[in-house]
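Encoded as structure tokens, the structure appears first; notes follow it.
The values are calculated or read from the model by the stated rules, or taken from the named source; none is laboratory data. In this text the structure is predicted, and so the values were computed from the model without any measurement. Positions of Cβ are backbone-derived with ideal geometry, glycine not excepted, and every protein chain shown enters the neighbour counts.
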Amino acid sequence: MTALAADYFAVPDPADPGRITYWRRTSGTLKPWPAKARYGPVLYRTDLPAGLDAQQRQQWAADWYRENAHPWHDRVRAAIDSAPDECAARFAAFTTRCRQCGKLLHDPASKAYGVGPDCRDGWPEAVLALAAEAVGRAHAAVPQPGDHPAGAVAGAAPTTNH
């Protein structure tokens, strides 16, 4: 784990890099953020082949998840594990929320660091500088209006000016 130990992350969708997915780590487990968000491949009841008995449906679904959903989620975890500070900075940049606790950021310094004043209390200047640099890189990586048709990043969370 990094020195910043973030709990909130933004990761490009492994199947559609133009779409951003948001995650929260709780008790060591990654969960979609916000709580009711759903990302990745989804198996609907209507997708199941007709004519299977209950045990066959259960086995077919388990195989489908093993072949489709699990690898997708593994790629998300790998992206976060390989660059947790970048993913946390991207979360802060796209959502203007604290990368530690998820609360809205209001003051300019908090937005620059991607961390609110309570969560960064006691952080050394060197760590704050690294946090600001990571948020700056995340902002620079965001396509600007006109870079994409319709002038927006697909799947990016709306931000507010506070």
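Can you pull out the residues in the range 67-100 that are touching a Pro at 6+ places or on another chain (Cβ under 7 Å) and among the aromatic types (Phe, Trp, Tyr)? Steps first, please.
The initial filter retains those residues of the range 67-100 that are touching a Pro at 6+ places or on another chain (Cβ under 7 Å), namely 68-69, 72, 75-76.
Selection gives 72 alone.
This table checks each residue for (1) surrounded by fewer than 13 Cβ atoms within 10 Å (Cβ to Cβ); (2) at pLDDT below 90.
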position	(1), (2)
16	yes, yes
19	no, yes
35	yes, yes
69	no, no
97	no, yes
113	no, yes
119	no, no
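Any residue in the range 127-149 that is under 20 Å from residue 20 (Cβ atoms) sitting within a Cβ distance under 6 Å of a residue that is modelled with pLDDT under 80? List the pairs, counting only those 6 or more apart or interchain.
143/153; 145/151
With respect to residue 145, is the statement that it is touching a helix residue (DSSP H, G or I) at 6+ places or on another chain (Cβ under 7 Å) and at pLDDT below 80 true?
Yes.
Just checking: which of the strands (runs of 3 or more DSSP E) contained wholly in the range 1-109 hold 1 or more residues that are over 30 Å from residue 128 (Cα atoms), touching a residue at least 60 places away in the same chain (Cβ under 8 Å) and not hydroxyl-bearing (Ser, Thr, Tyr)?
16-26
Would you mention how many residues in the range 83-115 are closer than 14 Å to residue 22 by Cβ, over 10 Å from the mean Cα position of the chain (by Cα) and basic (Lys, Arg)?
2
Restricting attention to the range 77-95, which residues are surrounded by 22 or more Cβ atoms within 10 Å (Cβ to Cβ) and of a type outside the set (Phe, Trp, Tyr)? Give the steps one after another, and end with the answer.
Step one: of the range 77-95, the residues surrounded by 22 or more Cβ atoms within 10 Å (Cβ to Cβ) are 85, 87-93, 95.
Answer for the range 77-95, where residues must be surrounded by 22 or more Cβ atoms within 10 Å (Cβ to Cβ) and of a type outside the set (Phe, Trp, Tyr): 85, 87, 88, 89, 90, 92, 93, 95.
How many residues are more than 22 Å from the chain's Cα centre (by Cα) and surrounded by 13 or more Cβ atoms within 10 Å (Cβ to Cβ) when one looks only at the range 121-136?
Summing the residues that are more than 22 Å from the chain's Cα centre (by Cα) and surrounded by 13 or more Cβ atoms within 10 Å (Cβ to Cβ) in the range 121-136 gives 1.
Quickly run through the range 116-126 and pick out the residues that are without any contact (Cβ under 8 Å) to a residue 12 or more places away in the chain, touching a helix residue (DSSP H, G or I) at 6+ places or on another chain (Cβ under 8 Å) and either within 22 Å of residue 20 (Cβ to Cβ) or part of a loop (DSSP other than H, G, I, E, B) (or both).
Correct list: 123 only.
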